[in-house]
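Every number in this text was worked out from the coordinates using simple rules, so none of it is lab data. Keep in mind it's a predicted model, so treat the numbers as computed, not measured. Glycine gets a Cβ as well: all are built from the backbone with ideal geometry, and neighbour counts include every protein chain shown.
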Amino acid sequence: MAKDATRDTAWGPVEIHREAARAAADALRSAGCPVELHEPNLPTYAPPGEGKRLAKKHKEENPEYEWRGDSYLLLTDRLRLLEVARFLRDELGYDMLIDATAVDFDAADDHLWAVYQLLALGRKTRLTLKTMVPKADCRIDSLVPVWPAANWHEREAAEMFGIVYTGHPDPRPLLLPEDWVGHPLRKDYQYPDEYHGISCK
């Protein structure tokens with residue numbers, strides 16, 4: 001085991017969570033679920049001087065993609081999200097959802113990323129599940145039936161990113177007024193000059 005992987009990150013050595021992601025990927029694939037395992041190609045902790053190296057590399061034409069952090073599972077068919085979530089809970093013991101959010105990397109992208117952070121309390125392992133949601137049909141199943149904690153997380157992501165969580169029991173706005181126009185965390189969002197006479201600048 002690499003020295004870097006033995007370092008503690010709140011819930012134990014990094015390698016424990018990487019192994020858990022590999023095991024989850026294998027189990028899901030065996031069950032016929034379309035998932036890909038993505039593992040970081042940079043060490044968890046940056047060595048001295050790496051920032052300068054990455055800044056220099058960023059200026060190259062078509063630089064190789066490098067990233068650090070947790071491994072994650074990519075569900076390539078978002079329509080099977082509920083099935084995969086139930087499998088992770090019932091078969092693999094991921095009994096707690098601690099976050100459900102989204103990411104819009106670029107206004108030119110034709111999709112958003114839905115991101116879920118899970119914990120298996122019995123084994124003290126964490127897992128990240130991601131799937132892509134097309135902006136042209138920005139809908140995905142709500143995970144409230146699987147993990148009730150998804151409720152407020154999904155309401156926030158719905159407002160900020162414009163995702164419709166199908167089957168959500170209470171899709172009212174959580175943070176913004178009901179007549180707010182647009183989704184502030186989309187990369188193409190244009191902030192209004194004012195809202196009912198209140199400056200937004």
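3J(HN,Hα) along segment 72-85: 8, 9, 9, 7, 7, 10, 5, 5, 9, 4, 4, 4, 5, 4 Hz, from the Karplus curve 6.51 cos²θ - 1.76 cosθ + 1.60 with θ = phi - 60°, whole Hz, x for Gly and Pro. How would you classify segment 74-182 from its alpha-carbon gyration tensor, with a ≥ b ≥ c the square roots of the eigenvalues: rounded for a/c under 1.5, else prolate if a/b is greater than b/c, otherwise oblate? Verdict is prolate for segment 74-182.
Restricting the trypsin sites (Lys or Arg not before Pro) of segment 41-108 to loop positions (DSSP other than H, G, I, E, B) with no more than 12 neighbouring Cβ atoms within 10 Å leaves Lys59. Taking other residues whose beta carbon is less than 12 angstrom from the beta carbon of Leu121, and scoring Lys, Arg as +1 and Asp, Glu as -1, yields +3. Of all aspartates and glutamates in the structure, the ones whose alpha carbon falls short of 17 Å from that of Lys124, not counting any fewer than 8 places away in one chain, are Asp8, Glu15, Glu19, Asp70, Asp90, Glu91, Asp95, Asp99. Basic side chains Lys and Arg get +1 at the Cβ, acidic Asp and Glu get -1 at the Cβ, and with that the dipole of the chain about its Cα centre reaches some 620 debye. Taken over the C-alpha atoms, segment 111-170 has Rg and Dmax values of 12.2, 39 angstrom. The modelled label-to-label distance between Asp90 and Ser30, using points 7 Å beyond Cα along the C-beta direction, is 1.7 nm.
Note down the net charge around Pro173, summing +1 for each Lys or Arg and -1 for each Asp or Glu among other residues with Cβ under 13 Å from its Cβ. That sum, taken over residues with Cβ under 13 Å, equals -4. Taking amide H as placed 1.01 Å from N in the peptide plane, the amide H of Val164 sits under 5 Å from that of Arg139, Ile140, each at least 5 places away or on another chain. Normalised by the number of residues in segment 88-201, the mean separation of alpha-carbon contacts (under 8 Å, six or more apart) gives a relative contact order of 21 percent. Please give every one of the lysines within straight-line cross-link reach of Lys52, meaning a C-alpha to C-alpha distance under 28 Å, and leave out same-chain neighbours fewer than 8 residues apart. Candidates past the 8-residue exclusion: Lys3, Lys187.
For Thr125, the residues whose modelled amide H falls within less than 5 Å of its own, excluding neighbours fewer than 5 places apart on the same chain, are Ala120.
Measuring r between the beta carbons of Asn62 and Glu19 and using R0 = 45 Å, the FRET efficiency lands at 0.90. With a ≥ b ≥ c the root eigenvalues of the C-alpha gyration tensor of segment 3-199, is it rounded (a/c under 1.5), prolate (a/b larger than b/c) or oblate? The shape class here is oblate.
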